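The values are calculated or read from the model by the stated rules, or taken from the named source; none is laboratory data. In this text, all values refer to a predicted model and were calculated from it rather than measured experimentally. Cβ sites come from the backbone with ideal geometry, for glycine too, and all protein chains shown count toward neighbours.
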Amino acid sequence: MCISKHKGNYHEPQVLFHDKNGFVVRCQECLLYQVTFGNVAIDMYQEDFSQIANFIDQKVKLYNDCLPKDQKTIFIKLPADGIKMVFSYKELCSFNDMLQTTKLLLLAEEHSN
Ligand SMILES: [Zn+2]
């Protein structure tokens, strides 16, 4: 996250979502988001966040419970070459809950401005 990159200039991160599986924080200065789930943390800007949230939502609907719940069978490509996130259907649903809840919060925020 940018907070560690700014020397002597601390950027306060805002926690947008947090549960036992992961969290979403945003730097109020740079508007950089950090999405953490399991052992992976991904930094992104809001446009990418919205795209990923939509993409994961589609995946969840596509697989709609037809896969074994607890086996890691779903591979999601990351922008970095050769790195993927691997989910069970259950984990993908938790990840999606996190993204969709945060997305709703961002929408509400947009409308209140
Ligand atoms: Zn920052």
Do the conditions hold for residue 95, that is, is it assigned to a strand (DSSP E or B) and either modelled with pLDDT under 90 or more than 19 Å from residue 2 (Cα to Cα) (or both)? no
Please go through segment 13-23 and give me each residue that is without any contact (Cβ under 8 Å) to a residue 12 or more places away in the chain and either over 14 Å from residue 95 (Cβ atoms) or outside any loop (DSSP other than H, G, I, E, B) (or both), ordered by number. 15, 18
Determine whether segment 44-62 contains at least one residue that is more than 25 Å from residue 107 (Cα to Cα) and not basic (Lys, Arg). no
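Within the group 78, 32, 92, 104, which residue is in contact with an Asp or Glu (Cβ under 7 Å, 6 or more places away or on another chain) and of a type in the set (A, V, I, L, M)?
On inspection, the qualifying residue turns out to be 32.
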Selected residue (only one of 105, 78 is over 14 Å from residue 21 (Cα atoms), touching a residue at least 40 places away in the same chain (Cβ under 8 Å) and surrounded by fewer than 15 Cβ atoms within 10 Å (Cβ to Cβ)): 105
So which residues in segment 1-12 are near the ligand (Cβ under 9 Å from one of its atoms), modelled with pLDDT under 65 and either among the small types (Gly, Ala, Ser) or in contact with a His (Cβ under 6 Å, 6 or more places away or on another chain) (or both), if there are any at all? 3
Out of all the residues in segment 10-55, which are within 19 Å of residue 86 (Cβ to Cβ) and acidic (Asp, Glu)? none
Which one of 24, 15 is within 24 Å of residue 109 (Cβ to Cβ), within 16 Å of the ligand (Cβ to nearest atom) and either at pLDDT below 90 or crowded, with 17+ Cβ neighbours inside 10 Å (or both)? 24
Options 60, 35, 40: the member that is out of contact with any helix residue (DSSP H, G or I) (no Cβ under 9 Å at 6 or more places or on another chain) and away from the ligand (no atom under 11 Å from the Cβ): 40
Which listed residue, of 45, 33, 63, is crowded, with 17+ Cβ neighbours inside 10 Å and not charged (D, E, K, R): 33
Please give the number of the condition residue 99 fails out of (1) of a type in the set (A, V, I, L, M); (2) more than 16 Å from the ligand (Cβ to nearest atom); (3) touching a Cys at 6+ places or on another chain (Cβ under 9 Å). (3)
Report yes if residue 70 is over 15 Å from residue 101 (Cα atoms) and part of a strand (DSSP E or B), otherwise no. no
When segment 24-58 is examined, which residues are found to be in a strand (DSSP E or B) and touching a Phe, Trp or Tyr at 6+ places or on another chain (Cβ under 6 Å)? 24, 26, 33, 36, 37, 44
